[in-house]
Each structure stands twice: as structure tokens, then as C-alpha cells.
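Enquirer: Can you keep this structure in mind? I'll have questions shortly.
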Amino acid sequence: MIIDVHGHMSAPDAYYAWKASLLSHRGAHGGKPPAISDDALVSAYHHPHPSFGNISHLAHLDGAGIDLQMISPRPFQMMHSERPAKLVQWFTEETNNLIHRATELFPGRFKGVAGLPQSPDLTPREWTAELRRTVTELGFVGAMLNTDPHEGTETPLALGDRYWYPVYEALCELDVPVLLHAAGCKPPAREPYSLHFIQEETVAVWSLVNSTVLKDFPDLKVIVSHGGGAIPYQVGRFLPSVVRTGVSYLDKLRRLHFDSCLYTQDSLELLMKVVGTDRVLFGSEKPGTGSQIDPDTGRWFDDIHLLIDDIAWLGEKERADVLENNARALFQL
């Protein structure tokens, strides 16, 4: 099997129109979601999409041989920094409901990874109510955590801060992994959201391995999106710390897991050499940013399974670990 731990939901236009309506009236008309039929939701996964190379969500998965995909909210749509906070709560809850419905309409094809209502005006402990609902009532197998709920408008607290501890406590209690993935990005931030993802992942890794979080929560299961941001590429800057601390930086990195959502073979090989194939889980983000045809190769940029196949030094066991076994163990499938 190929198990994809980094996928995002598809939805009908009515869902996005409802979001626009919420933002326009700021909750004055209430938060009642649109009536989306099963047929409309199924169609959203079968319908070709111009943003994703003019083929459908399921066609992307079938073409890549992906048997099971973990689907979470589209991160840049999550509007965590919008006010009032009830907008974030309403939108997050309905988003998770649609993900749950997709898991039922496509049995065995999808499993849910929950978005959290990460308004900065709510406490992290308040966010965890939705985490508990999705795992205990809807059967979700993990959660996605935005490391910058302010979405670029303020400096967020690092993940080593005790501010985040109620989320870690709930994740350990429920025994589900967390996928670190930033969301939107707004002025005064200088970067677009796609670069913001990578920067936040880089800071997230640094803050976790340089804090007491992994000691305080030894059972916390963390997956860092997009191959860990810049850390594997820049790991040499941190290796000399072993002389000062007596602790290997690589050993600290290996407390975390990393997805394979990288679009070049060189970057994938570097990630696996730095953290080990036992810490890498297949993630494609299909359909998403990489869902365009590379004019030089004729492949989809996000055909990550082909990039992994092209790594000659990977043995059969290591390849199976990355594509299936690591995810099966971490998510207890």
C-alpha cells in the first residue's frame, strides 16, 4: 500500500461561498452552514479542478497509486486570525464535519485529520474541545496544528512555550499524532503563505528540540510537514551543539517524524539521510501546490512516489517503511 499522511480536503463551491458570507457579515447572520448533499460532496472529489492540473482529487490519487490518504482542512483557508472568534469555530467545525462525511462516502480511502479552531482570542484548552469531538465522535486519527494562529500579523509563541501544553496533553491523552502545518499569512508579514509554511516548520523544529516539550511529553507524536522546512538542509549549523551540550542534534531530530512532501529527489534523499528512513512518512499533498505537469519530465511535480522509486540506494524494506509501514505504526492503522 501507499499511505499518504499529508492530504487536504476537497469541497463544493457552496462551502467556499459560505466562508465568504461569514467574512462579509462577521457572524451577524449566524453560522448556519450550507446544505451540501452527499452527491455534491462526492462530486467535489470526482470533478476536475483547474487549480490542480484539470484532473480530480481521486484521479490524482489513483494515478499515484495512493491507497489511503489522511485528509485535513486546506490550511490557507482556515482563517484563524479572523474575528470574532466564533467565525473560526463555526468554519472549523463544519470543515471537520465535511471531512468526516468524505471518510464515510469513500470508505477505506480517506481518514480524517482534524483542524482546530485556533483563534488567538480562544485559549489552546478551548481549541481542544474540537480535537476531542473529532477523535472520540468522528473517528479522526490525528490533528493538524497551525504554529502561527496570528497568520503573520503578530509574532506567535514558540512551540516550546507552555502556552501550547493543553494541546500536547490532549494529543497524548487521545494518543493521536499531530501534523505541524501553518495556515494563512497576512500583512505585515513579507512572505506568501507557501513560504510561511516552510519558515514556520523550521522554527517549529528548532523550538521543539531546544525545549523540554519532548521530555515533558514523551508520548507526543509529531509529524513536521514539507520535510521539516529548512532544518535538514541547514542541519550542519546545529551539529556543533554536541560539543557544548553532549547531546547529538541528530538524536534530538529523530524524536520527530517528517513527511515526504518535497518535490525533488535530491531533497528527499537528503531528508532520509539526515533523519533516517524510519522517521519519514509518505506525504504528497495531492492535489495541491505541486499538481502541475513538469515540462522537463512530463510527470506531475507532486508524483513523490516516483521520486522515491528513483532513489537507487533505498532497499525494499526502507521503501516500504516510507510508503506504508511508518504511517501504519504511527497512526495505529
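Enquirer: Please identify the helices of the chain, taking whole runs of DSSP H, that span at least 15 Å along their own axis as judged from the Cα atoms and have a mean Kyte-Doolittle score of -0.5 or higher.
Expert: Working: long enough: 13-25 (18 Å, -0.21); 85-105 (30 Å, -0.43); 124-136 (18 Å, -1.18); 193-209 (24 Å, 0.65); 265-275 (16 Å, 0.59).
Counting only whole DSSP H runs, the qualifying helices are 13-25, 85-105, 193-209, 265-275.
Enquirer: Moving on to the next point. Evaluate the distance, in nm, between pseudo-label points positioned 7 Å from the Cα of T153 and of S24 along their respective Cα→Cβ axes.
Expert: 2.1 nm
Enquirer: Also, I was wondering about something else. Whenever you get a sec, compute what percent of the accessible area on the stretch 1-100 sits on carbon and sulfur atoms (1.4 Å probe). Walk me through the numbers before you get to the answer.
Expert: On the way: 2100 of 3970 Å².
Its accessible area is 53 percent carbon and sulfur atoms.
Enquirer: Of the cross-linked pairs K215/K252; K111/K273; K32/K86, which ones have a Cα-Cα span greater than 20 Å in the structure shown?
Expert: On the way: K215/K252 11 Å; K111/K273 29 Å; K32/K86 12 Å.
Pairs exceeding the cut-off: K111/K273.
Enquirer: Once fully extended, how much extra length lies between D67 and D310, figured as 0.36 nm per residue of separation less the alpha-carbon to alpha-carbon distance?
Expert: Numbers: separation 243, 0.36 × 243 = 87.48 nm, distance 2.01 nm.
Residue separation times 0.36 nm, minus the Cα-Cα distance, leaves 85.5 nm.
Enquirer: Would the stretch 174-326 count as rounded, prolate or oblate if I go by the C-alpha gyration tensor, calling it rounded below 1.5 in a/c and otherwise prolate when a/b exceeds b/c, oblate otherwise?
Expert: Working: a/c = 1.65, a/b = 1.24, b/c = 1.34.
Cα axes put the stretch 174-326 in the oblate bin.
Enquirer: Moving to a separate point now. I need the shape label for the stretch 219-278. Rule: rounded when a/c is under 1.5, else prolate if a/b > b/c, else oblate, with a, b, c from the alpha carbon gyration tensor.
Expert: oblate
Enquirer: Using DSSP to call loops (not H, G, I, E or B), can you name the GluC sites (Glu not before Pro) in the stretch 92-137 whose Cβ has at most 12 other Cβ atoms within 10 angstrom?
Expert: Working: sites: E93, E94, E104, E126, E130, E137; in loops: E137.
Loop-located and lightly packed - E137.
Enquirer: A further question follows. Go from 0 up to the bin containing the longest alpha carbon distance in the stretch 111-200, width 10 Å each, and give me the % of pairs per bin.
Expert: Calculated over all Cα pairs of the stretch 111-200, the distribution is 17, 49, 29, 6 percent.
Enquirer: Further, regarding this structure: Give the calculated FRET efficiency between L333 and I293 to the nearest 0.05, with a Förster radius of 35 Å applied to their Cβ-Cβ distance. Walk me through the numbers before you get to the answer.
Expert: Working: r = 32 Å, r/R0 = 0.91.
E between L333 and I293, to the nearest 0.05, is 0.65.
Enquirer: Looking at the square roots a ≥ b ≥ c of the eigenvalues of the Cα gyration tensor of the stretch 203-249, which shape do they give, rounded for a/c under 1.5, prolate if a/b is larger than b/c, or oblate? Please report the intermediate quantities before stating the final value.
Expert: Details: a/c = 2.55, a/b = 1.11, b/c = 2.31.
Oblate is the answer for the stretch 203-249, as a/c is 1.5 or above yet b/c matches or exceeds a/b.
Enquirer: Run the simple label-point estimate for D38 and T212 please: 7 Å along Cα→C-beta, distance reported in nm.
Expert: 5.2 nm
Enquirer: Skip the ligands, DNA and RNA, and give the accessible area per residue of the chain with a 1.4 Å probe, whole Å². The partial results should precede the final answer.
Expert: Numbers: 14070 Å² over 333 residues.
Per residue, the chain has an accessible area of 42 Å².
Enquirer: Within the stretch 71-93, whose backbone N sits under 19 Å from a point 7 Å along Cα→Cβ of R109?
Expert: Answer for the stretch 71-93: 71-74.
Enquirer: For the stretch 175-261, what is Rg from Cα atoms divided by 2.2 N^0.38 Å, rounded to two decimals?
Expert: Numbers: Rg = 13.8 Å, N = 87, 2.2 N^0.38 = 12.0 Å.
For the stretch 175-261, the normalised Cα radius of gyration comes out at 1.15.
Enquirer: For the pair V242 and D266, how long in nm is the line joining their label points, each one 7 Å along Cα→Cβ?
Expert: Once both label points are built, they end up 2.6 nm from each other.
Enquirer: Tell me, what is the Rg over Rh of the chain, with Rh the Kirkwood radius over Cα pairs?
Expert: Details: Rg = 19.2 Å, Rh = 20.2 Å.
Expressed as Rg/Rh, it is 0.95.
Enquirer: Of the accessible area of the stretch 191-292, with the probe set at 1.4 angstrom, what percent is carbon plus sulfur?
Expert: 57 percent
Enquirer: Separate question: Calculate, axis by axis, the spread of Cα positions in the stretch 1-150 along the three principal axes, and write the results as whole Å, longest axis first.
Expert: Principal extents (Cα only, largest first): 42, 28, 26 Å.
Enquirer: When the Debye formula is applied to the Cα atoms of the stretch 258-333, each taken as the same point scatterer, what base-10 log of I(q)/I(0) results at q = 0.22 Å⁻¹?
Expert: Scattering profile of the stretch 258-333, log10 relative to I(0): -0.98.
Enquirer: May I pose another question? Stretched out fully, how many nm does the piece from H47 to Q234 gain, at 0.36 nm a residue minus the Cα gap? Mind showing how you got there, number by number?
Expert: Details: separation 187, 0.36 × 187 = 67.32 nm, distance 4.03 nm.
Here the answer is 63.3 nm.
The values are calculated or read from the model by the stated rules, or taken from the named source; none is laboratory data. No experiment lies behind these values; they were computed from the predicted model shown. Because the Cβ atoms are built from the backbone with ideal geometry, glycine has one as well, and the counts that use them run over all protein chains shown. SASA here: full protein model, heavy atoms, side chains in, ligands and nucleic acids out. Shrake-Rupley method; radii C 1.70, N 1.55, O 1.52, S 1.80 Å.
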